[in-house]
Each structure stands twice: as C-alpha cells, then as structure tokens.
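Below: the structure, in structure tokens.
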Amino acid sequence: MVKQTAVLLLAACLTLTACSQSEPVPESTETSSQPGQQEDSGTSNEASGQSPEDTMKDQTETPTEAPSTGDRQDSPASSEESEASNDSQDLATEGEDHQGEAEPRKNTDQGEQPEVAVMRYHMNKIYNIVPSEESAPEKVVLLTFDDGPKEEEMLLQLLDTLDKHDAKAIFFVNGYRVEENPELLKLIHDRGQTIGNHSWDHINLKKENPASVKQQIEDVQQIVEQEIGVKPRFFRPPFGSGGDTVKQTAKENDLLFMTWSNGSLDWDASTRNKPEAVIRNVMEQLHPGSNILMHELPWTVDALDELLTQLKSKGYGFVNPEEIEPEMK
Ligand SMILES: [Zn+2]
C-alpha cells in the first residue's frame, strides 16, 4: 500500500520532471494521503482506541522528521525507493506501537468484563464459598495460589492449565515478589486471573504492631495498583495468621480477609515433589465451597491438570473470584 503510493508519487514526480522544485508538494500529498491509508489499515488492524486525529498527528510528524526528505532532493529516483521502504518500516513500527498501545486496553477490557459478572457467591465465616442466589451451583471450589509471582515457567504452566479447564483463581502475591517480577504480575492479570494481597514480606502479621501491619498490607495494594491499574480486593495473611488488627486493616482497605478451608499441604515436606500427594490431600478434604490453599510450587504445577480433572469428574466447578461478594457473611 505504502510502496504503491510511493511508486505513484514517484511516477507523478517524474512526469512533472520538477521533483526537487515541488518538494513541499509531495510532502503535503503524502501527508494527506497517508492518513487515509492509515485509517484503512487502522480499521483492518483494529488499531482501536487510536483516534484518527492521533493517527494523523503521528503521520505528520514522521515525514517532517524523516531525514530522507532531504535525500530526495539529491537523487530523486533512488531515494524515493529507499524512502518508500523507510516509510513502510516507520508504518510497520507505528503499527506495532499502536497494537502495543491498544492491546493492554483490550486485555483490560476483557479482564474487566468478568468483574461486571454478577456477584452470586459470598464467603462464610469458615472461609467457604457459598451461593448467594439459587441459580449459583453449590458444588464449586475456589482455587488459590500463594507466595508468587516467582517464575515465568511455573506461572505459564499454571495459567495454561487453568485456561484448559476454563478455571479462574486468586493469586495471592507478596509485595517483594511483585517488586522483583512486575512483569509476572501483569502476566497473571492479562491472562484474566485475579490478584490477591498476601502482605509485602510474608511475615507473621500477628506479631507486628499496627503501623507495620498497615504498611505490609497497604504497600502491596499500592504496588499492585501501580502495575496493573486495579487494587486487590482479597487478602490472605501469611501462615493464615491474622488477628483483630490484621482483620481491621484489611477491612479498611476494602479487602475480604480469608484463610482457607481446604489445605493441599503442598508447602509441607510430606508433599515435596509428590504431585499425587497434593491431589490426594485436596480430594480427601473436598466439600462444596472448598477454599483451596495451594502455592506456586513445581509439584503443585504438575498436579494441577489432574486435580482439576478429578474435581470436574466429581461434579465440581470453579468459582470465578470476581463473582465473590466483598463482604463475609
Ligand atoms: Zn504464603
């Protein structure tokens, strides 16, 4: 498209045989023709979110700044070609830029759609997930993964397995891990999973003073919002060790405090490198509304596909955390 136009322009220039004199003309011609092309490619590329005005602004900047404009005066014939390819490179790059800009928006939109979903479940006082309305199935589990984000490889496997089973989970993250791996936090979010707050340092909050508890919780709210644009609304204290101060601080931050109601013991030496033990532990404690505690650990990653298969075969579904009401009942 661009090349064709450039060739046409070249042809026009040659016909006029006054290319160097008409320097401003091709430039303005290009400027006026390119937005049209850009709109076309914009529509087909669904460069959504980018208004035609923005596109035009980008376009007009490119030719004016392009050094090849000067080259053209010296040797019109050959430099036109090189400019054509330069321009198409510019366009290609810009196209990528536009996509890069548009994609996160698209993902965010997609990520936000489930949030609009009806909150048809709530958590009871023993941290089980219970239907709030009759239409919501009772046989569901809440999947949770704590202590990340650690490693891309493990996370990708977890995310792929969750997608395979059309399952959603809460990833309870630690602030220091997020600080180390912000891109992994974004990955979890972009893949449509929910982020929860698991304190900054993974310390026993019950032993901390109120100011420290506040900082441990609020610093995570802040860094998560900074990285993905939304604050967590679920909180799980490390070691399940809470107390009134922790619960109060969570509440002040609009966080739903939870421990769990089904421990996979995947953190324990008894399950180390034993995916089958993780599965067995969960299945033995399985009950409607199970709030399943798991971690970003290799044997849990290895267990997940089989675990979700077994849960489904028992008639269980996976609750979308976005469907859980903000208040415990
Ligand atoms: Zn933990």
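The values are calculated or read from the model by the stated rules, or taken from the named source; none is laboratory data. Just so it is clear, the structure is predicted and the values come from calculations on it, not from any experiment. Note that each Cβ is placed from the backbone with ideal geometry, even for glycine, and that neighbours are counted across all protein chains shown.
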For this session: Answer yes or no as to whether Ile195 is in the same structural domain as Phe235 (by TED's automatic domain parsing) and part of a strand (DSSP E or B).
Result: yes
For this session: Tell me, please, whether a residue that is under 14 Å from the mean Cα position of the chain (by Cα), of a type outside the set (Ser, Thr, Tyr), within 16 Å of the ligand (Cβ to nearest atom) and assigned to a strand (DSSP E or B) can be found in the range 131-145.
Result: no
Problem set entry | Candidates Ile170, Ile217, Ile195, filtered to the one that is within 16 Å of the ligand (Cβ to nearest atom) and over 30 Å from Asp305 (Cβ atoms) | Ile217
Seminar exercise, completed: Scanning the range 239-266 for residues that are surrounded by 18 or more Cβ atoms within 10 Å (Cβ to Cβ) and touching a residue at least 60 places away in the same chain (Cβ under 8 Å) gives Leu256, Phe257, Met258, Trp260, Ser261, Asn262
Exercise. What is the one condition in (1) of a type in the set (Asp, Glu); (2) at pLDDT below 95; (3) touching a helix residue (DSSP H, G or I) at 6+ places or on another chain (Cβ under 7 Å) that Glu81 does not satisfy?
Worked result: (3)
For this session: Kindly establish whether Ser264 is among the polar types (S, T, N, Q) and more than 14 Å from the ligand (Cβ to nearest atom).
Result: no
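Each row is one residue, and each column tells you yes or no for (1) over 13 Å from Leu143 (Cα atoms); (2) away from the ligand (no atom under 16 Å from the Cβ); (3) surrounded by 16 or more Cβ atoms within 10 Å (Cβ to Cβ).
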{"residue": "Ile223", "(1), (2), (3)": "yes, yes, yes"}
{"residue": "Asn281", "(1), (2), (3)": "yes, yes, yes"}
{"residue": "Thr300", "(1), (2), (3)": "no, no, yes"}
{"residue": "Phe318", "(1), (2), (3)": "no, yes, yes"}
Exercise. When the residues of the range 146-165 are filtered to those that are without any contact (Cβ under 8 Å) to a residue 60 or more places away in the chain and of a type in the set (A, V, I, L, M), which remaining residue is nearest to the ligand (Cβ to nearest atom)?
Worked result: Leu159
For this session: Working carefully through the options Glu296, Glu276, find the one that is in contact with an Asp or Glu (Cβ under 9 Å, 6 or more places away or on another chain), within 16 Å of the ligand (Cβ to nearest atom), modelled with pLDDT of 95 or more and among the acidic types (Asp, Glu).
Result: Glu296
